[in-house]
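Chemist: Okay, handing you the structure first.
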Ligand code: IMP
């Protein structure tokens, strides 16, 4: 049985929640492999809206949810999300959620450092979610992180906190921010241990067994390729690898087990936070896309910047991310626009570039080169087959496929899960 991985191909917020939910209903297990509670996935199930940041979307569908070692886990955020779901009538516990024993924890000092650093950057800030994601990944790579399994060893906690505080308090002091004391942190971790440890499990082994038993696994990516720490618009990126390849390292499976990779792309482009955005529209059309597309962040509530579809960018993401097929979302937001533009490359210093250059100033200076297509006047909202789409909308989709170099395998035409045009079952292999 094939597995499926879902990743974003732009700067996040492509509508992964709905697609992941659609796929989760066909999967046995749903796994998060990177990011943390900086992600925001909105699911609408039977008229009830669920907003998830950290939990794998499958838990809403009664599937086993796994959090892989590639995630950074804030225990407070986890328990807050579990409590919200409980209020909505959904029980999440070790029976339906397992967390890799080696998952690094986000402690209160991580968001404190994240925010202090952003404040110090002033105008040059990254625009992070302020949730401590970057500092937590730094500690993991710096070999200082406190991991879930450490909660079972009080001496290890004490030893690691010394090292962690030496590092963090030096930085916080330099930034003029309040410092942290060891004992309250240690007490907090010791109190968390009996609540959190029951979730701990060898996720890699659960996945190996699932694979042998032919169970369907969905790898749920967060953020998107252009926010990837290696391949995105660095430094305006998140701190994890968001490409599909990280589903292997971030959970403990071989690369061959990932299966089909679906890349989610909005029919236009949005971005939150700072950083280059060649096709950004600061005019009335940009405003219209934002209003129609309800472009406000699930996590931060921040307004998203909006612009035309950037085929050069998505083609780059498809290649780097190992995307087999696209899922195009929010096509209906473009309904009624007289003409549409697609970016096919960039102009920089009199030269045509077919890809975004790597350096930050060059990225910021890239001017988009557009192709113009006719718009359509009738509505695409809620369409459930290609036959229901206006000819110009089909033309727009076909042109995207050509420019991006990947087939559109699914099309989402409204927030409703059933308003989806799927050309084949992704799990069919
Ligand atoms: P961080 O992940 O909080 O460090 O933020 C780094 C960058 O990634 C910022 O520009 C954020 O706005 C962006 N970002 C992080 N998570 C998401 C997401 O789920 N959707 C869109 N942008 C995100």
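Chemist: So residue 48 ticks every box in (1) more than 9 Å from the ligand (Cβ to nearest atom); (2) in contact with a helix residue (DSSP H, G or I) (Cβ under 6 Å, 6 or more places away or on another chain); (3) under 21 Å from residue 295 (Cα atoms) but one. Which box is left unticked?
Modeler: (2)
Chemist: Sort out which residues of region 116-169 are part of a loop (DSSP other than H, G, I, E, B) and under 18 Å from residue 192 (Cβ atoms), and write them in order of number.
Modeler: Narrowing region 116-169 to residues part of a loop (DSSP other than H, G, I, E, B): 125-132, 142-146, 153.
Within region 116-169, 131, 132, 145, 146, 153 meet the criteria.
Chemist: Pull up region 17-56, narrow it to residues that are in a helix (DSSP H, G or I) and under 12 Å from the mean Cα position of the chain (by Cα), then point me to the one that is surrounded by the most Cβ atoms within 10 Å (Cβ to Cβ).
Modeler: Going through region 17-56, the residues in a helix (DSSP H, G or I) turn out to be 17-24.
Narrowing further to those that are under 12 Å from the mean Cα position of the chain (by Cα): 17, 20.
Values: 17: 27, 20: 30.
Among those residues, the one meeting the criterion is 20.
Chemist: Is it the case that residue 340 is touching a residue at least 40 places away in the same chain (Cβ under 8 Å), in a strand (DSSP E or B) and either touching a helix residue (DSSP H, G or I) at 6+ places or on another chain (Cβ under 6 Å) or crowded, with 16+ Cβ neighbours inside 10 Å (or both)?
Modeler: On the way: touching a residue at least 40 places away in the same chain (Cβ under 8 Å): yes; in a strand (DSSP E or B): yes; either touching a helix residue (DSSP H, G or I) at 6+ places or on another chain (Cβ under 6 Å) or crowded, with 16+ Cβ neighbours inside 10 Å (or both): yes.
When the stated conditions are applied, residue 340 passes them.
Chemist: Being away from the ligand (no atom under 12 Å from the Cβ), farther than 22 Å from residue 44 by Cα and assigned to a loop (DSSP other than H, G, I, E, B) is the filter here; which residues of region 269-299 pass it?
Modeler: Hits for region 269-299 are 278, 279, 281, 282, 283.
Chemist: Then there is this: Every residue in region 129-170 that is within 14 Å of the ligand (Cβ to nearest atom) and at pLDDT 95 or above, please.
Modeler: Filtering region 129-170 down to residues within 14 Å of the ligand (Cβ to nearest atom) leaves 129-140.
Of everything in region 129-170, those that are within 14 Å of the ligand (Cβ to nearest atom) and at pLDDT 95 or above turn out to be 130, 131, 132, 133, 134, 135, 136, 137, 138, 139, 140.
Chemist: Right, another one. Look through region 58-78, keep the residues that are assigned to a helix (DSSP H, G or I) and touching a strand residue (DSSP E or B) at 6+ places or on another chain (Cβ under 6 Å), and return whichever of them is surrounded by the fewest Cβ atoms within 10 Å (Cβ to Cβ). Spell out the reasoning first.
Modeler: So in region 58-78, the residues assigned to a helix (DSSP H, G or I) come out as 58-61, 75-78.
Keeping just the survivors that are touching a strand residue (DSSP E or B) at 6+ places or on another chain (Cβ under 6 Å) gives 58-60.
Values: 58: 27, 59: 22, 60: 25.
Taking the candidates together, the pick is 59.
Chemist: Identify, from the list 238, 233, 251, 242, the residue that is away from the ligand (no atom under 11 Å from the Cβ), in a loop (DSSP other than H, G, I, E, B) and within 18 Å of the chain's Cα centre (by Cα).
Modeler: Working: 238 fails: away from the ligand (no atom under 11 Å from the Cβ); 233 fails: away from the ligand (no atom under 11 Å from the Cβ); 242 fails: away from the ligand (no atom under 11 Å from the Cβ).
Just a single option satisfies the conditions, and that option is 251.
Chemist: Taking only region 357-398 into account, find how many residues are free of Cβ contacts under 8 Å to residues at least 40 places away in the same chain, touching a helix residue (DSSP H, G or I) at 6+ places or on another chain (Cβ under 8 Å), outside any loop (DSSP other than H, G, I, E, B) and under 30 Å from residue 237 (Cβ atoms).
Modeler: Selection size over region 357-398: 1.
Chemist: Something else now. Determine, yes or no, whether residue 81 is within 16 Å of the ligand (Cβ to nearest atom), outside the structural domain of residue 303 (by TED's automatic domain parsing) and free of Cβ contacts under 8 Å to residues at least 60 places away in the same chain.
Modeler: Details: within 16 Å of the ligand (Cβ to nearest atom): yes; outside the structural domain of residue 303 (by TED's automatic domain parsing): yes; free of Cβ contacts under 8 Å to residues at least 60 places away in the same chain: yes.
So residue 81 fits the description; yes.
Chemist: Also, quick follow-up: Please verify whether region 188-204 includes one or more residues that are within 16 Å of the ligand (Cβ to nearest atom) and surrounded by 17 or more Cβ atoms within 10 Å (Cβ to Cβ).
Modeler: Filtering region 188-204 down to residues within 16 Å of the ligand (Cβ to nearest atom) leaves none.
No, the conditions are met nowhere in region 188-204.
The values are calculated or read from the model by the stated rules, or taken from the named source; none is laboratory data. None of these values were measured; they are calculated from a predicted model. Backbone-built Cβ (ideal geometry, glycine too); neighbour counts: all protein chains shown.
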